[in-house]
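**Q** What follows is a single structure, and I will ask about it in a moment.
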Amino acid sequence: MPSLRASRVVVDGEARLATIHHSGGVIVEIGDGPADDDFGDLVVMPGLVDTHVHVNEPGRAHWEGFATATRSAAAGGATTIVDMPLNSVPPTVDPDALQAKRASAHGRLSVDTAFWGGLIPGSESHLESLVAEGVCGFKSFLVDSGVPEFPPLPFYDLGVALEEMGRLGVPSLIHAEHPDLLEPWEGDPRSYQGYLATRPPGAETEAVVQLAGLAEKIGCRVHVLHVSAGETASAIGSASSSLTGETCPHYLVFSAEEIPDGATVFKCAPPIRGAAHREALWESLINGTLGMVVSDHSPAPPEVKTAASGDFAAAWGGIASLQLRLQATWTGAAERGVGLGQLTGWLSTAPAALAGLDGTKGSIAPGRDADFVVWDPAGVTEVRGQGLEHRHPITPYEGMQLRGRVEKTILRGETIFEQGRVAFGHGRMLRRG
């Protein structure tokens with residue numbers, strides 16, 4: 001029976017000496033004896049689970065596709081991703097679109113992949129059929145999504161859909177900004193502060209306050225995507241347990257004060273805010289108000305990011321970071337004394353639970369898939385866009401030295417990344433539960 005061992009294996013929320021035995025891609029036993037592979041002082045964590053990935057295929061594969069996105073995931077220590085229902089064409093809002101998505105993914109996966117459904121005006125009738133087809137839950141927007149085929153869902157239509165999702169036992173994922181509180185663009189289109197002013201923290205927080213009331217009334221789990229503001233995290237903390245939230249590495253690493261005008265590589269929505277918000281997000285993660293860190297990997301070609309002109313008003317709002325999620329998060333976490341157990345919760349355990357995949361993913365325990373990331377927390381990853389696996393070499397992390405280095409990624413007992421190389425074609429398509 002194959003086995004691996006390390007002095008820091010994260011089991012039940014703590015890093016300890018352990019030997020893991022697995023067979024047929026599944027963990028069989030955790031002990032303390034010798035092993036076939038001894039990783040010494042390296043850390044072994046459950047394979048990362050990233051529940052916020054925009055693969056964009058079919059329809060916008062020139063932005064990103066399943067082959068490149070899942071290679072990037074494997075190189076970053078992720079063994080499972082959950083694909084967002086946009087910016088593919090068609091979006092995943094009905095069973096036919098889901099079938100098109102799965103056909104595009106077939107034979108192109110380096111990691112296991114599940115799918116979120118989408119909720120837009122008029123697609124409510126497809127909720128039950130999509131759940132029957134295995135989607136993990138549903139994403140909707142309260143504001144313009146940036147693509148015409150995925151329009152926002154008004155607050156007054158959301159309540160009925162939440163009741164149905166509650167009945168079906170799946171979460172509602174919401175891009176939460178209040179449309180009435182966004183501001184028009186004014187001034188120089190290259191100004192980052194000009195862009196920041198169009199999406200104030202109050203728009204995010206007010207949307208969450210209203211969602212909290214709906215979640216408590218209906219009882220459906222409402223999950224707030226990509227929290228960027230400290231007061232938004234506080235609003236989630238004050239709400240019932242039906243409301244949860246996530247944040248992303250770019251909100252934890254960068255601050256608005258550091259972003260120069262014209263640097264559209266940093267544009268995302270909601271935007272990267274000031275350093276005080278960054279510190280508040282860290283505090284909210286550490287105290288458990290926010291439960292996870294996911295990438296919101298949303299790549300686009302240089303021309304769509306308006307890299308040449310630096311026009312924030314016209315640039316696509318998305319950051320490509322799927323391959324760097326572990327290192328970017330660990331860089332700040334280590335500085336703040338965060339332990340490996342809590343890090344594992346943010347990057348693996350909580351995302352797996354949100355997507356309903358925790359029966360097989362997100363933890364090291366008998367019966368779970370033999371998915372592992374082996375990494376050196378004292379190592380250094382020097383970021384070069386040309387060296388990343390995603391389709392376009394555009395990243396705000398360019399030239400940075402991040403803490404941590406992924407040495408090996410194992411999916412169901414098979415090595416899919418080692419010594420800088422990804423083994424293609426081991427991924428499967430997953431269904432919730």
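The values are calculated or read from the model by the stated rules, or taken from the named source; none is laboratory data. Remember, it's a predicted structure, so these values are computed and weren't measured experimentally. Positions of Cβ are generated from backbone atoms using ideal geometry, with glycine treated the same way; all protein chains shown enter the neighbour counts.
**Q** Pick from region 253-265 the residues that are more than 17 Å from the chain's Cα centre (by Cα) and assigned to a helix (DSSP H, G or I): which of them is nearest to Ala229 (Cα to Cα)?
**A** Checked region 253-265; the qualifying residue nearest to Ala229 (Cα to Cα) is Ala256.
**Q** Shifting gears a bit: Tally the residues that are of a type in the set (D, E, K, R) and in contact with a Lys or Arg (Cβ under 9 Å, 6 or more places away or on another chain), restricting the search to region 318-338.
**A** The total comes to 1.
**Q** Now for a different question. Under 9 Å between Cβ atoms, at least 6 apart or on separate chains: pull out the pairs that start in region 295-320 with a residue that is without any contact (Cβ under 8 Å) to a residue 60 or more places away in the chain and buried (at least 17 other Cβ atoms within 10 Å of the Cβ) and end on any residue that is among the basic types (Lys, Arg) and assigned to a loop (DSSP other than H, G, I, E, B).
**A** So the pair list comes out as Thr306/Lys267; Ala315/Lys267; Ala315/Lys305.
**Q** Provide a single number: the residues in region 4-53 that are in a loop (DSSP other than H, G, I, E, B) and surrounded by 24 or more Cβ atoms within 10 Å (Cβ to Cβ).
**A** 1
**Q** Right, here's the next one. Exactly one of (1) under 15 Å from the mean Cα position of the chain (by Cα); (2) on the phi > 0 side of the Ramachandran plot is unmet by Thr349. Its number?
**A** Every listed condition holds for Thr349 apart from (2).
**Q** For region 243-258, enumerate the residues that are touching a Lys or Arg at 6+ places or on another chain (Cβ under 9 Å) and either crowded, with 21+ Cβ neighbours inside 10 Å or not small (Gly, Ala, Ser) (or both).
**A** Selection gives Leu243, Thr244, Cys248, Pro249, Tyr251, Leu252, Val253, Phe254.
A quick yes/no check of all residues on (1) polar (S, T, N, Q); (2) part of a helix (DSSP H, G or I); (3) touching a helix residue (DSSP H, G or I) at 6+ places or on another chain (Cβ under 9 Å):
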site	(1), (2), (3)
Trp185	no, no, yes
Glu204	no, yes, yes
Lys217	no, yes, yes
Ser228	yes, no, yes
Ile236	no, yes, yes
Thr244	yes, no, yes
Tyr251	no, yes, yes
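**Q** Among the listed residues Gly425, Gly399, Gly379, identify the single one that is of a type outside the set (Asp, Glu) and within 30 Å of Val170 (Cβ to Cβ).
**A** Gly425
**Q** Which residues, counting only those in region 261-299, are touching a Gly at 6+ places or on another chain (Cβ under 6 Å), farther than 20 Å from His223 by Cβ and among the small types (Gly, Ala, Ser)?
**A** Gly262
**Q** I would also like to ask the following. Give the residue that is farthest from Thr247 (Cα to Cα), with candidates limited to residues of region 54-85 that are part of a loop (DSSP other than H, G, I, E, B) and of a type in the set (A, V, I, L, M).
**A** Among those residues, the one meeting the criterion is Ala61.
**Q** List the pairs whose first member sits in region 198-219 and is without any contact (Cβ under 8 Å) to a residue 60 or more places away in the chain, whose second member is among the aromatic types (Phe, Trp, Tyr) and assigned to a helix (DSSP H, G or I), and whose Cβ atoms are under 9 Å apart, counting only residues at least 6 apart or on separate chains?
**A** Listed pairs, sorted by first residue: Gln210/Phe155; Leu211/Phe155; Leu214/Phe155.
**Q** Would you check if Thr331 is more than 30 Å from Pro260 (Cα to Cα), hydroxyl-bearing (Ser, Thr, Tyr) and either at pLDDT 95 or above or surrounded by 21 or more Cβ atoms within 10 Å (Cβ to Cβ) (or both)?
**A** no
**Q** List the number of the failed condition for Gly24; all other conditions in (1) closer than 24 Å to Gly291 by Cβ; (2) in contact (Cβ under 8 Å) with a residue 12 or more places away in the chain hold.
**A** (1)
**Q** Restricting to region 158-183, and then to whatever is without any contact (Cβ under 8 Å) to a residue 40 or more places away in the chain, of a type outside the set (Asp, Glu) and assigned to a helix (DSSP H, G or I), can you tell me which residue is farthest from Ala315 (Cα to Cα)?
**A** Arg167
**Q** Right, another one. Picking from Glu398, Glu414, which residue would you name as being of a type in the set (Asp, Glu) and more than 25 Å from Trp63 (Cβ to Cβ)?
**A** Among Glu398, Glu414, only Glu414 is of a type in the set (Asp, Glu) and more than 25 Å from Trp63 (Cβ to Cβ).
**Q** Of all residues in region 106-129, which are of a type in the set (A, V, I, L, M) and either surrounded by fewer than 17 Cβ atoms within 10 Å (Cβ to Cβ) or in contact with a Pro (Cβ under 6 Å, 6 or more places away or on another chain) (or both)?
**A** Selection gives Ile120 alone.
**Q** Now for a different question. Scan the helices (runs of 4 or more DSSP H) fully inside region 324-366 and keep the ones with 1 or more residues being without any contact (Cβ under 8 Å) to a residue 24 or more places away in the chain and of a type in the set (Asp, Glu).
**A** 325-335
**Q** Then there's this: Can you find a residue that is more than 28 Å from Leu388 (Cα to Cα) and either buried (at least 24 other Cβ atoms within 10 Å of the Cβ) or at pLDDT 95 or above (or both) anywhere in region 82-94?
**A** yes
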